[in-house]
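Asks: Could you have a look at this structure, given as structure tokens, before my questions?
Derivation of every value follows stated rules applied to the coordinates shown; laboratory data play no part. Note that this is a predicted model, so its numbers are computed, not measured. Positions of Cβ are backbone-derived with ideal geometry, glycine not excepted, and every protein chain shown enters the neighbour counts.
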Amino acid sequence: MVSMFRRPAAWLCAVLALLCLISAVWIVRLEWQLPWTLLFADANSLPLEALTVRNNTLPRMAMALLAGGGSAAATMLMQQLMRNPLASDSTLAVSSGAQTALVLATVAAPSLLLYGASAVAFGGAAAALGAVLWLSARRDLMPLTVILAGLVVSLYLGSLTGIVMLFFSEETRGVMQWGSGSLVQDSWADTLQLLWRTAAAALLVAALLKPLSAMSLSDEQAVALGIPVKKIRLLALGAAAFLSANVVAFVGMMGFVGLAAATLVRQTGFRTLPARLPAAFALGALMLMLTDNGLMLLKHYYQTDLPAGAVTALIGAPLLLWLMMKAPERPVFQTASEPAPVRLHASPLLRRLPLLALAALLLALFVGRNEGWMPVIDTDYLSFRYPRVLLAAATGTMLALTGVMLQRLTQNPMASPELLGISSGTAFGAMTAVLLFDITSGSGLFWLAGIASALATLGLLMLLNRNNGLAPEKVLLTGMAMAALADAAIRLWTASGDFRVQQMLIWMSGSTYQATPQSAAAVALLALLLMFAVLPLQRWLGLLSLNATVAQSTGVNVATARLVLIALCAILTALATLLIGPLSFVGLLAPHLANMLGARLPAQQLRSAALLGAAVMILADWLGRQLMFPYEVPAGLMATLLGGAYFMLMMRRL
């Protein structure tokens, strides 16, 4: 048994291949009633049922293999280029670009869809990739810069898409279903198109394998060997984005399959890129085909039609969790080849952050829109405004503190509150309470369901990592797997068309409309108490951000420090999620904004990020209430638009 987990990739692929073969034969036997020799006979001589097998079932199985394999290979290539285990096929924002293009075309220019949804999606993906490369160009496409650019563009486009979907929910319902991923085919045309494009990307990657392997250690060593690092990285990024964009354009977003397959390959002991890429392709292809075959059988026997992209996590996530518990430890990635963009001297704005936060507070309290923009000082208005302002400030502070702790604890710039799985777990519990038990959003039972789900997620996270000392990479990957399971259920509900989902979408977008004076005051006080509880832990954060060995040598009990910090992150994330929904932006990018302004020391970064998070959320909530008055844009979406624009501007200047 031990030897099987030393290198179980071949065994795992063999089992999946056998299951795929059995399920494929089962499906074909249910639909094909003629002799097998007629499977490829002339189409004019076959009945309609037989043509369905040839032009729907078989192309669908082939598309599953190509889409799953392409997503996994693109993810593995991205992880190699970015030297980051959390990088995925969506890191370059191609998925967000494709979805945004389809949403905007559906609402504003439906005539563009006459050229085909896949063409519009590919155009959006290409535009998003261009934005990422433009933002990264000044720092020579260094991995950390590309990661941050991809994340901010992805979040920005996701926020824009969310706003459009809120106001045009009926028109964009089809795009929401496309976003869940569908492999349904009506001919071999799309499958063959994806086949030759995948082959073209594979040929380019094959030509780059040798220099990419040399670049896996450091850019300096590769330059010493005479490798044009920037050119090779640009070509490889283009290949990964091209592959991912085509998968998204033809079948929608396949979700977790790429990250799950690539992570499984790394956990099974493959060390070199030439070995990892084909293994990831095979594993991703088999996982997606097995998932989709199961869905076809489910539809045949129970008349239930579910999107493959959302359901893939139900196979990939448990498999990943099981293997991570069983497989021996593997060396972690080197997560960055260059320091984060930071000023040599602190920006003057860093010292003025308290004044900025105070100005945002006064603006949100006293300036409103009536028949124009004018200052309004009235206690009646204040009684409506201050609960929302306090709630926005408190949640921004909590998420920013969580982001700083996670990024320093894990030494990973992609770490953010939702990667612990607590955010998605809380959202899953809250949505379950509303949709299955008709509990009113914001009620006491709603809070109880969310808290119980958050505690259950935290307990499972600790249980699954009890034997590895809460190793940061393992914790994040476990959290991502659990988040994928919760997100799969949420995406299925979102695509169902239930009218209550629209109400939950507003909550998930980060709205403060449910704030009351009592709850806002209690939450603001709680945020301050938690901030004062976090600040004394700055020594742990400073030492753990170097590495665990350094921290251990200075007398820090690493396991205890990790436990306390992760528990605090979970508490902050769960509270913020229940209050304002599962936000992404503030916890991810507020620490980077503070770093860019020159906040290097842990205590300084914690205070600066907290002020930035509070200020951004206050301004976002105020603008969301004013810009489209009397309609409202949720604060979470506005925070991404505001902070994302400023972050992109800073990236171009530094």
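Asks: Which angle between 0 and 90 degrees, to the nearest 10, do you get for helix 229-251 versus the longest principal axis of the chain when only C-alpha atoms count?
Replies: Computed tilt is about 70 degrees.
Asks: At 0.890 mPa s and 25 °C, plugging the Kirkwood radius over alpha-carbon pairs of the range 211-288 into Stokes-Einstein gives what diffusion coefficient in µm²/s?
Replies: My calculation gives 175 µm²/s for D.
Asks: Sort Glu49, Glu632 by Cβ crowding within 10 Å, fewest neighbours at the top.
Replies: Neighbour counts put them in this order, fewest first: Glu49, Glu632.
Asks: Please sort by residue number the trypsin sites (Lys or Arg not before Pro) in the range 391-488 whose DSSP state is loop and whose Cβ has at most 12 other Cβ atoms within 10 Å.
Replies: Counting only loop positions with at most 12 other Cβ atoms within 10 Å, the trypsin sites (Lys or Arg not before Pro) in the range 391-488 are Arg466.
Asks: On full extension of the chain, what length is gained from Phe384 through Leu460, given 0.36 nm per residue of separation minus the C-alpha to C-alpha distance?
Replies: 23.4 nm
Asks: Can I ask one more? By count of other Cβ within 10 Å, fewest leading, how are Ser416, Ser23, Ser169 ordered?
Replies: Lowest to highest Cβ neighbour count: Ser169, Ser23, Ser416.
Asks: Next question, about the same structure. Which whole number of Å³ per residue matches the convex hull of the alpha-carbon atoms in the chain?
Replies: Expressed per residue, the convex hull around the Cα atoms of the chain is 164 Å³.
Asks: Give me the one-decimal nm value for the distance between modelled label points at Tyr115 and Val550, 7 Å along each residue's Cα-to-Cβ direction.
Replies: Computed distance between label sites Tyr115 and Val550 equals 5.1 nm.
Asks: In addition: For the pair Leu209/Leu528, report the inter-label distance in nm, with labels modelled 7 Å from Cα in the Cβ direction.
Replies: 6.2 nm
Asks: Here's a follow-up. Rounded to the nearest 0.05, what FRET efficiency do Ala452 and Ala199 have when you use their Cβ-Cβ distance and R0 = 35 Å?
Replies: With R0 = 35 Å, the Cβ-Cβ based efficiency is 0.10.
Asks: Here's something else I'd like to know. On full extension of the chain, what length is gained from Ile22 through His300, given 0.36 nm per residue of separation minus the C-alpha to C-alpha distance?
Replies: Taking 0.36 nm per residue and subtracting the Cα distance, the gain is 98.5 nm.
Asks: From the residues Gln193, Leu86, Leu319, which one has its Cα farthest along the dipole of the chain in the positive direction, the dipole being from +1 and -1 charges on Cβ of Lys/Arg and Asp/Glu about the Cα centre?
Replies: Going by the charge dipole, the pick is Leu86.
Asks: How would the range 516-654 be classified by its alpha-carbon gyration tensor: rounded, prolate or oblate, with rounded meaning a/c under 1.5 and the a/b versus b/c comparison settling the rest?
Replies: Oblate, because a/c is 1.5 or more while a/b does not exceed b/c.
Asks: On to the next question. How big is the range 54-101 in terms of Cα radius of gyration and Dmax, in angstroms?
Replies: 13.6, 42
Asks: Semi-axes of the equivalent ellipsoid of the range 348-653: what are they in whole Å, largest first, if each equals the square root of 5 times a C-alpha gyration tensor eigenvalue?
Replies: Equivalent-ellipsoid dimensions as semi-axes: 31, 25, 16 Å.
Asks: Report the calculated FRET efficiency for Gln221 and Leu563 (r = Cβ-Cβ distance, R0 = 45 Å), to the nearest 0.05.
Replies: It comes to 0.75.
Asks: Another question about this same structure. Between 0 and 90 degrees, rounded to the nearest ten: what's the tilt of helix 602-626 against the longest Cα principal axis of the chain?
Replies: Once rounded, the angle reads 80 degrees.
Asks: Per the helix-only calculation at 222 nm, which mean residue ellipticity applies to the chain, given -39500 (n - 2.57) for every DSSP H run of n ≥ 4 and division by its residues, nearest 500 deg cm²/dmol?
Replies: Estimated from H runs of four or more residues: -24000 deg cm²/dmol.
Asks: Starting from the amide H of Val367, placed 1.01 Å from N in the peptide plane, find each other amide H under 5 Å away whose residue is 5 or more places distant or on another chain.
Replies: Counting only residues 5 or more places away or on other chains, the set is Val376.
Asks: So if we plug the beta-carbon distance of Tyr646 and Leu436 into 1/(1 + (r/R0)^6) with R0 = 45 Å, what FRET efficiency do we get, rounded to 0.05?
Replies: Efficiency, from the Cβ-Cβ distance: 0.65.
Asks: Relative to the longest principal axis of the C-alpha atoms of the chain, give the angle of the C-alpha long axis of helix 313-326, reported between 0 and 90° and rounded to the nearest 10°.
Replies: 80 degrees
Asks: Separate question: Just to confirm the filter: which chymotrypsin sites (Phe, Trp or Tyr not before Pro) across the range 86-176 are DSSP coil and have at most 15 other Cβ within 10 angstrom of their Cβ?
Replies: Phe168
Asks: Continuing with this model, one more query. Using the basic label-point model (7 angstrom from Cα toward the beta carbon), what is the Glu49 to Gln626 distance in nanometres?
Replies: 6.7 nm
Asks: Sticking with this structure for a sec: Rank these for me by crowding, Ser96, Ser216, going from fewest to most other beta carbons within 10 Å.
Replies: Ser216, Ser96
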